[in-house]
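The values are calculated or read from the model by the stated rules, or taken from the named source; none is laboratory data. Computed from a prediction, not measured in an experiment: that's the story for all the values here. Heads up, the Cβs are rebuilt from the backbone with ideal geometry, glycines too, and the neighbour counts pull from every protein chain shown.
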Amino acid sequence: MAPHAHPTPGPDLTAEHLAALAAQHAATADNERRLAPDVAAALVDAGFARHFVPADHGGTAGSFTALAEAVRTIARGCPAAGWSAMIMATSARLAGRLPRAGRKDIWGQSADVPIAAALNPGGSARRVADGWVLSGQWFSLSGIDHAAWALLCVTAPEDGTQHYCAVPASRFRIEDTWFTLGMRGTGSRSVVLDEVYVPGHLSAPRDLVWQGRADGPDDALSAPLPAAHPPLFAAPAVGAARAALDLWARAESRTGPDRDAVLTRSAAEIDTAALLVEQACLRLDAPGPVGGIDAARNGRDAALAADLARTATDRLFRARGSRAHAAQDSVQRLWRDVQTASSHAAVDAARSNSLFATTFRASLSDHEES
């Protein structure tokens with residue numbers, strides 16, 4: 001995850017260091033509902049904000065596999081920090097589909113620019129001659145407290161089309177609306193705008209962004225969002241589940257067949273989840289476009305990975321007994337984080353089931369016709 005121009009020992013060592021740092025602040029992040037500034041700054045310094053920034057803007061143009069592995073590692077120390085690292089990278093990936101002039105506005109001075117994104121439409125927008133005017137509220141922008149820009153989804157009132165608009169932090173205010181069961185440390189608060197002008201070169205149609213078309217050569221920008229996002233969004237839950245397993249095993253003094261079964265089954269499920277995420281990321285990193293059945297497999301595998309992480313963590317939570325219900329219990333905090341992370345729309349099983357089943361049946365029909 002290191003910047004291209006500053007070689008380091010590598011993403012694994014960097015991620016291990018970040019996991020240790022984030023772990024020191026994990027309980028505080030949960031209580032205060034935001035990452036510690038030192039942790040957020042360390043994520044930027046490690047290269048997460050620039051990971052998917054196009055190379056011609058000074059970015060790393062990095063791989064999905066390296067990102068997912070680093071996110072899982074950091075999430076073992078603090079799931080919210082792992083999630084925030086992932087959001088920094090994926091938000092920049094979305095911004096990479098803006099027109100070149102807009103990308104230059106964001107990354108003209110440095111590729112290490114943290115961006116927070118609202119994938120779903122909010123607020124209101126109206127077109128003007130050379131851009132947009134935005135007002136209203138957008139919800140659930142992870143890491144917004146530490147972001148230099150927000151990428152906001154808007155709906156054009158005249159035709160219902162959706163667009164993404166990039167807005168600098170100086171033009172919006174943050175509202176504290178993030179009160180959740182888990183992933184509290186992500187600080188996924190709201191932003192509010194009041195008649196903010198956004199020039200046209202800082203906007204792009206949602207379809208263009210989601211379909212992965214880009215005017216640059218970077219492979220990471222070519223993958224469609226429904227294939228690219230699910231495995232990355234599953235990674236923090238998988239890392240958190242592994243942390244819960246490690247904590248449970250260290251704290252559990254009792255042994256016997258029942259305890260052995262809890263440990264073994266949970267470990268197998270978490271290992272399987274990690275392999276599913278890795279497999280999906282390898283598809284994204286392979287040469288050529290990711291579409292059709294491979295894109296559907298990515299959604300399927302990510303949803304299953306998140307479900308396995310949740311199932312394993314549920315088992316560990318129950319097996320911990322009444323101790324897990326103590327307010328400051330670390331296994332409980334991890335359990336809460338997994339519950340929230342695994343409920344994200346990017347890893348929704350119903351959605352991925354429908355997409356995979358439809359695509360799979362269509363592929364069978366195509367094969368029969370050929």
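Observations
- Of all residue pairs spaced 6 or more apart or on separate chains, those with beta-carbon atoms under 7 Å, a first member in the range 15-42 that is modelled with pLDDT under 95 and a second member that is assigned to a loop (DSSP other than H, G, I, E, B) and not aromatic (Phe, Trp, Tyr) are ALA15/MET1.
- When the residues of the range 325-350 are filtered to those that are part of a loop (DSSP other than H, G, I, E, B) and in contact with a Lys or Arg (Cβ under 7 Å, 6 or more places away or on another chain), the one that is nearest to GLY77 (Cα to Cα) is ASP329.
- Flag for ALA235 being assigned to a loop (DSSP other than H, G, I, E, B) and out of contact with any Ser or Thr (no Cβ under 6 Å at 6 or more places or on another chain): no
- Qualifying residue in the range 351-370 (condition: closer than 30 Å to LEU221 by Cβ, in contact (Cβ under 8 Å) with a residue 40 or more places away in the chain, in a helix (DSSP H, G or I) and among the basic types (Lys, Arg)): yes
- Residue in the range 149-157 that is in the same structural domain as GLY59 (by TED's automatic domain parsing), surrounded by fewer than 24 Cβ atoms within 10 Å (Cβ to Cβ), touching an Asp or Glu at 6+ places or on another chain (Cβ under 8 Å) and over 23 Å from ARG93 (Cα atoms) present: no
- Residue in the range 220-239 that is out of contact with any helix residue (DSSP H, G or I) (no Cβ under 9 Å at 6 or more places or on another chain) and either at pLDDT below 95 or in the same structural domain as ALA346 (by TED's automatic domain parsing) (or both) present: yes
- Among the residues of the range 238-257, those identified as within 16 Å of ALA324 (Cα to Cα) and either in contact (Cβ under 8 Å) with a residue 24 or more places away in the chain or more than 30 Å from the chain's Cα centre (by Cα) (or both) are ALA240, ALA241, ALA243, ALA244, LEU245, ASP246, LEU247, TRP248, ALA251, GLU252, SER253, ARG254.
- In the condition set (1) touching a helix residue (DSSP H, G or I) at 6+ places or on another chain (Cβ under 8 Å); (2) over 20 Å from TRP83 (Cα atoms); (3) touching a residue at least 40 places away in the same chain (Cβ under 8 Å), TRP210 is compliant with all but (3).
- Hey, SER266 within 22 Å of PRO79 (Cα to Cα), touching a residue at least 40 places away in the same chain (Cβ under 8 Å), in a helix (DSSP H, G or I) and hydroxyl-bearing (Ser, Thr, Tyr) or not: yes
- When ALA303, ALA286 are checked against the criterion of being of a type in the set (Gly, Ala, Ser) and buried (at least 19 other Cβ atoms within 10 Å of the Cβ), a single residue qualifies: ALA303.
- Cβ-Cβ under 6 Å pairs, at least 6 apart or on other chains, the range 178-207 side assigned by TED's automatic domain parsing to the domain that holds ALA129, far side at pLDDT below 95 and not basic (Lys, Arg): GLY200/ASP130
- The set of residues in the range 168-188 that are buried (at least 21 other Cβ atoms within 10 Å of the Cβ) and either part of a strand (DSSP E or B) or within 20 Å of the chain's Cα centre (by Cα) (or both) comprises TRP178, GLY182, MET183, ARG184, GLY185, THR186, GLY187, SER188.
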